[in-house]
Amino acid sequence: MNVEKRHFTCVTCPVGCEVDVELRGGNIVSIKGNRCEKIKEFVVQELKEPMRVLTTTVRIEGAKWAMLPVRSDKPIPKRLFLQAVGELANIDLKAPVHISDVIIKDIAGSGANIVATRTMERS
Amino acid sequence: MVRQAHHERDYILNLGMRMQADVTVIGSGPAGLVAAIEASRSGAKDVILLEREEELGGILKQCIHNGFGLEQFKKDYTGPEYAERLIDEIRKTEVRCFLNTMVTGVSANRTVTAVNSEDGVFQVEAKSVVLAMGCRERARGSINIPGTRPAGVLTAGTAQRLVNIEGFLPGKEVVILGSGDIGLIMARRLTLEGARVRGVYEIMNYPGGLKRNIVQCLNDFNIPLYLSHTVTEIQGRERVEGVVVSQVDEKMQPIQGSEKFLQCDTLLLSVGLIPENELSKGAGVELSRATNGPVTAETMETSVPGIFSCGNVSTVFDLVDYVAQTGMSAGRNAARFVAGDWKENGGSVEVLAGENVRVVFPQRYCFRDELTLYVRPAKPIEKPVTLSIAPIEMNIKRLYARPNEMIRLKVDRKKLEKVTEPIQVSIKER
Ligand SMILES: Cc1cc2nc3c(=O)[nH]c(=O)nc-3n(C[C@H](O)[C@H](O)[C@H](O)COP(=O)(O)OP(=O)(O)OC[C@H]3O[C@@H](n4cnc5c(N)ncnc54)[C@H](O)[C@@H]3O)c2cc1C
């Protein structure tokens with residue numbers, strides 16, 4: 001079987017290792033250029049379904065600021081980002097909110113929850 | 001409310017005009033928060049933190065993306081989460097925080113002048129001062145694009161604040177000039193909010209921001225990055241209607257005939273950050289030409305005794321972990337200074353940027369602490385390199401050197417004990 005060569009930049013941490021990967025029939029034969037061991041997991045996932053943490057904001061009422069920053073509590077498939085943001089546009093939220101409070105469960109059917117990333121008191 | 005209710009002491013209230021402190025910290029970004037916490041934990045009694053905004057946390061509050069604190073906390077925090085963690089920590093200390101309080105001057109004898117609406121103008125006489133005012137973005141005035149001056153031209157950081165905190169989308173069709181991290185992050189952010197980002201144009205032949213941000217902010221969303229390109233004209237009367245982009249040659253001069261018109265209603269500038277240095281200048285601290293921030297020792301002390309600086313006010317760091325580390329050092333050493341643990345010692349030597357090094361931080365070594373060097377390469381070298389530290393013959397091998405990735409390394413105190421001449425850091429191809 002032919003060896004396929006692919007290039008990846010790991011986004012697990014700010015180092016951003018750039019690696020050359022050799023694949024045979026979709027299986028990893030070799031990885032070169034990484035500085036830590038997390039790379040394998042990253043490449044396997046990237047081949048299967050790229051996953052990212054979603055960070056965005058939702059409108060909040062009764063707080064000092066108009067927007068509350070939120071995140072997914074674990075990585076979700078990248079292709080669900082726009083759907084997730086769409087779901088978040090339609091929610092009603094009122095202060096106070098505490099950091100880590102769940103804003104929406106199972107966002108876009110991903111199994112991840114959207115949680116607040118800061119505390120916002122009522123003002 | 002100007003003051004935070006915790007740890008308030010009455011005598012401050014009726015003074016109004018003049019107060020005393022062991023350590024005064026200016027700015028409550030990660031650098032200032034960590035410095036104040038560390039000064040307090042290291043035994044400084046009266047630690048005062050002055051912040052001009054209405055909340056603690058600095059720039060982190062608008063950096064809603066993740067990627068903060070991987071080193072310091074071993075967690076992948078967003079900016080607000082990282083800030084809240086530090087704010088929780090500072091609440092457990094005796095540090096007194098003043099919000100909505102603008103510092104207008106610092107003198108060489110460590111008197112800080114500040115103003116807020118409750119106390120009016122007041123002064124804090126401190127035994128030591130920590131500068132932690134962060135940095136600001138270069139604006140249009142500092143890059144000179146010809147054309148009209150319509151609405152719709154703003155810095156990436158301003159757009160970040162509008163979108164993430166105030167909830168306004170600054171435009172629908174966006175061109176980004178400069179590939180600094182804030183511009184990259186905003187390319188993704190605006191796309192998620194429904195804007196169309198037409199491309200990121202970078203005058204250099206290498207990107208300004210971190211590689212991971214190119215991947216997860218541009219590539220993930222099919223936003224093109226054009227290297228060796230710049231905006232040569234802005235069009236539109238009231239509002240931006242479009243920009244002209246051109247390719248540039250090796251001397252960064254626009255190439256005739258390469259002009260292309262792009263329709264857009266917004267131009268975001270992400271063309272660099274400079275340390276906020278008005279107060280530093282006023283205090284008479286020596287400034288470095290390479291960083292625009294104070295010339296700093298490994299203890300974070302500036303050229304003025306008892307005035308320390310840390311975080312992006314000293315030099316623009318890529319990662320909050322580095323910022324926090326300098327804050328920790330500044331806070332601990334400010335407390336040492338106050339305690340009188342600052343006897344004259346063996347003098348100091350300069351730390352110099354040699355071949356292929358644009359910035360080295362700190363710029364002085366005073367034989368008090370171990371030396372953590374932060375090195376920004378002058379140009380990209382995509383080959384194995386050796387980073388050498390003279391005269392101690394320390395050589396570190398790396399796979400490449402890139403200006404968008406600061407290199408950090410620690411040098412053991414023992415190795416430096418006998419050094420009498422300047423320490424020089426250089427990068428050579430192997
Ligand atoms: C858009 C963006 C994205 C980033 N992304 C990442 C990332 O993914 N991962 C990472 O590790 N790092 C990231 N960074 C870097 C990191 O966030 C910064 O380096 C760090 O927050 C700087 O901290 P600081 O305390 O030096 O400055 P700041 O956070 O800027 O704090 C300075 C404070 O001083 C106050 N101040 C200034 N002047 C005065 C005055 N005269 N009186 C009173 N107060 C004053 C300001 O109001 C402010 O609160 C990012 C930075 C930016 C801008």
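Here are the numbers for this structure:
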read-out	value
Whole-percent carbon and sulfur share, accessible surface of the stretch B:195-313, 1.4 Å	45
Size of the B/A contact, given as accessible area buried on both chains, probe 1.4 Å, in Å²	2900
Estimated FRET transfer efficiency when R0 is 45 angstrom, pair B:E94-A:E37 (beta carbons, to 0.05)	0.60
Those residues of the stretch B:42-86 for which accessible area with every protein chain present is at least 20 Å² below the isolated value (1.4 Å probe)	B:E54, B:E55, B:I64, B:N66, B:L70, B:D76, B:T78, B:P80, B:E81, B:E84
With Cα atoms, 0 to 90° folded angle of helix B:30-41 axis to chain B main axis	10
Degrees, to the nearest 10: B:320-338 long Cα axis against longest axis of chain B	20
Pairwise Cα inverse-distance average, inverted: Kirkwood Rh of the stretch B:9-116 (Å)	14.6
Of all DSSP beta bridges in chain B, antiparallel share, percent nearest 5	60
Average accessible surface area per residue within the stretch B:49-154, 1.4 Å rolling probe, Å²	41
Sequence-distant residues sharing a close amide H with B:R358 (under 5 Å, placed H)	B:R376, B:A378
Solvent-accessible area lost in complex, 50 Å² minimum, residues of the stretch A:80-102 relative to chain alone, 1.4 Å	none
Net charge dipole size for the stretch B:139-271 [Lys, Arg +1 and Asp, Glu -1 on Cβ; Debye, nearest 20]	200
10 Å binning of all Cα-Cα separations within the protein assembly as shown, expressed as whole percents from 0 upward	3, 17, 25, 27, 19, 7, 1, 0, 0
Charge dipole (debye, nearest 20) of the protein assembly as shown; +1 at Cβ of Lys and Arg, -1 at Cβ of Asp and Glu	880
Average Cα contact separation per residue, chain B, under 8 Å, 6 or more apart, as relative contact order %	15
Positive-end extreme of charge dipole, the protein assembly as shown - chosen from B:T104, B:A126, B:P391 (charges on Cβ)	B:P391
The stretch B:139-271 shape via C-alpha gyration tensor axes, a/c threshold 1.5	oblate
Descending Cα extents along the principal axes, the stretch B:80-156, whole Å	52, 34, 24
Accessible-area composition of the stretch B:321-389, carbon plus sulfur, in percent [1.4 Å probe]	50
Share, in percent, of DSSP beta bridges within the protein assembly as shown that are antiparallel, nearest 5	65
Isotropic mean projected area of the C-alpha convex hull, the stretch A:3-48 (nm²)	2.8
The stretch B:138-207 - percent relative contact order, Cα under 8 Å, separation 6 or more	28
Packing-based order for B:389-395, B:328-334, using average beta carbon neighbours within 10 Å, highest first	B:328-334, B:389-395
Estimated translational D of the stretch B:134-177 in µm²/s (Stokes, Kirkwood radius over Cα pairs; 10 °C; 1.306 mPa s)	134
Listing of the stretch B:190-218 residues, each with accessible area lower by at least 40 Å² in the full protein assembly than in the chain alone (probe 1.4 Å)	B:L192, B:K211, B:R212, B:V215
Residues B:R196 and B:D249, FRET efficiency given R0 of 30 Å [Cβ-Cβ distance, rounded to 0.05]	0.50
For the stretch B:345-430: rounded, prolate or oblate by the Cα gyration tensor [a/c cutoff 1.5]	prolate
The stretch A:55-116: C-alpha gyration tensor shape, a/c 1.5 cut-off, then a/b vs b/c	prolate
Stretchable slack from B:I274 to B:K379, in nm (0.36 nm times residue separation minus alpha-carbon distance)	35.9 nm
Rounded percent of accessible protein surface that carbon and sulfur make up, the stretch A:3-48, 1.4 Å probe	48
Accessible area in square angstrom per residue, the stretch B:345-430, 1.4 angstrom probe	49
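The values are calculated or read from the model by the stated rules, or taken from the named source; none is laboratory data. All of these numbers come straight from a predicted model, not from anything done at the bench. We place every Cβ from the backbone using ideal geometry, glycine too, and count neighbours over all the protein chains shown. Accessible surface areas use protein heavy atoms only, side chains included; no ligands, DNA or RNA. Shrake-Rupley method; radii C 1.70, N 1.55, O 1.52, S 1.80 Å.
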